[in-house]
Amino acid sequence: MNDVLTPRKSFIGSRLFYALCFIALFILETLIALFVRDTIVRPYIGDMLVVILIYCFARIFINRPSRWLPLAVLLFAYTVEILQYFQAAEFLRLQPDSAARIIVGSVFDWKDMLCYTIGCIPLFFIRK
């Protein structure tokens, strides 16, 4: 009877929801990296999804919605791409097949920055 006055927690937007989204996107990104050898999904769709992956990871720890979080994720992605331009992986002497080298990347591309931007657009419209 008191259900009308008692606010219920929604699964969508919860930390668990974002954790599950992160795991699903991580698996999808891993499968793309390991098995897809094309000219659209791997280079472009994968880059659009990675910013959503990062957003979901951040939302696991940041419980309250923030209108600035998508911008922070986008700036983080831009920073990683700019580090690729300055060949940070070589500077840090990361092994070619190491996970760190794969995460940091080694090839700068303006198209990647465009993909990150496109991937972040839906994040600006997420509201709890």
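State which residue is least open to solvent (accessible area, probe 1.4 Å) when the search covers only segment 78-125 and only residues that are part of a loop (DSSP other than H, G, I, E, B) and touching a helix residue (DSSP H, G or I) at 6+ places or on another chain (Cβ under 8 Å). Among those residues, the one meeting the criterion is Gly105. The set of residues in segment 24-73 being closer than 14 Å to Leu123 by Cα, open to solvent by less than 50 Å² (accessible area, probe 1.4 Å) and without any contact (Cβ under 8 Å) to a residue 60 or more places away in the chain consists of Leu53, Ile54, Cys56, Ala58, Arg59, Ser66, Leu69, Pro70, Val73.
Residue count for segment 30-77 under the criterion of being hydroxyl-bearing (Ser, Thr, Tyr) and out of contact with any helix residue (DSSP H, G or I) (no Cβ under 6 Å at 6 or more places or on another chain): the result is 3.
The values are calculated or read from the model by the stated rules, or taken from the named source; none is laboratory data. From a predicted model like this one, the values you see are computed outputs, not experimental measurements. Please note: Cβ atoms are built from the backbone with ideal geometry, for glycine as well, and neighbour counts cover all protein chains shown. Keep in mind that these areas ignore ligands, DNA and RNA; they rest on the heavy atoms of the full protein, side chains included. Shrake-Rupley method; radii C 1.70, N 1.55, O 1.52, S 1.80 Å.
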